[in-house]
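A short worksheet on the structure shown next.
Nothing in this text is a laboratory measurement; each read-out follows from the coordinates by a stated rule. Just so it is clear, the structure is predicted and the values come from calculations on it, not from any experiment. Cβ coordinates were reconstructed from backbone atoms using ideal geometry, including for glycine residues, and neighbour counts include every protein chain displayed.
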Amino acid sequence: MSAVLIFVSGSRDTGSAQAQQPPIVIKFSHVVSADTPKGKGAERFKELAEQATRGRVRVEVYPNSTLYKDKEELEALQLGAVQMLAPSLAKFGPLGVKEFEVFDLPYIFPSKEVLYRVTEGPIGRELFKKLEPKGITGLAYWDNGFKLMSANRPLHNPADFRGLKMRIQSSKVLDAQMRALGASPQVLAFSEVYQALQTGVVDGTENPPSNLYTQKMHEVQKHVTLSDHGYLGYAVIVNKKFWDGLPSDIRRALEGAMKEATRYANAIALQENEAALAAVQKTGKTTIYRLSDQQKAEWRQALLPVQQQMESRIGRDLIAAVNREAAAVAAK
Ligand code: LMR
């Protein structure tokens, strides 16, 4: 007997078919506490992405290096073992995309306004294009803030850094920055910083207040200087093959969720850092020092030459382009 196939057009119940499909899983790994601008941004993206795709996507957020720590996470992303990250902009040099280290240059951003002109304009878009050949798609830039310096001795003048072992992220610009101060830089994964400070493997470090506080570094650093000498922010990135392979309606919904999560993450960054600094002050465990104008001038004199020193690595034109954005804001 021949099989009789009955096609009733238009009746295929796609709803139940979709309901039967397992959700698309996005593993979002990062290295900071959930209670930070990046941590809260990741959670907000999860909420918005699952809402926008009506559950067809599930975002699993792994904070505080619980899934991968610094160096591992980029390797995992390229292998597709994790789908989304938000590494510090200081951590793309080892990938071979050293232009991102422009964000690490001392005093390159006189204000957040200049920073946003870079990240939301052609410079930010051009930098993301450099990730594509590495199998990575850049989705957004998330803010954290300007960095302080910390150690177990007062850091008032550049000379105070002489002989100190200072932890840095994996950035040649930050290496040059610490050497310009007479310190010796040491790259360590973010998850290892507290113990390295506690045991004296390193004497000091730099980060925005939100990272210092949430990693309890103030418990093992007697002195903090609010230098604002440099900036720390993030690139939210995905595995390119995964992203390009998504159904277009899902990708569009995720782009919308990321746009809203970015607006949120950037809106809370300043207040999160101010709250963290106030919390550090309240513990009384560390002395917080504000530089005098004279001291600020001395720090700038010691650190500004790093911009020229790094032209061959980052690109003279790129540095000049960022400085033009600063000049445009200053001219307003
Ligand atoms: C650091 O390693 O100091 C920071 O990049 C950590 C982070 O992601 O904010």
Relative contact order [Cα under 8 Å, 6+ residues apart], region 209-332, whole percent: 46
Exceeding the 25 Å Cα-Cα cut-off - candidates 165/222; 40/130; 27/134; 112/134; 46/172; 69/147: 40/130; 112/134; 46/172
Euclidean distance of C-alpha centroids, region 140-203 and region 50-101, integer Å: 23
Residues of type aspartates and glutamates that residue 259 reaches as a straight line, Cα spacing below 12 Å, ignoring anything fewer than 8 places off in the same chain: 120
Relative contact order of region 46-137, pairs being alpha-carbon contacts under 8 Å that are 6 or more residues apart, as %: 16
Dipole-positive endmost among 66, 89, 52 within region 26-94 (Cβ charges, Cα centre): 52
Value of relative contact order over the chain, rounded to a whole percent, pairs C-alpha under 8 Å and six or more apart: 25
Candidate aspartates and glutamates - alpha carbon under 14 Å from residue 91, same-chain residues fewer than 8 apart omitted: 70, 72, 73, 75, 99, 101, 104, 175
Scaled radius of gyration (Cα, divided by 2.2 N^0.38 Å) that region 144-303 gives: 1.20
Dipole magnitude (debye, nearest 20) for region 137-197, charges at Cβ of Lys, Arg, Asp, Glu: 220
Integer Hz, Karplus 6.51/-1.76/1.60 couplings in order for region 177-188, x for Gly and Pro: 4, 5, 5, 5, 9, x, 9, 10, x, 9, 6, 9
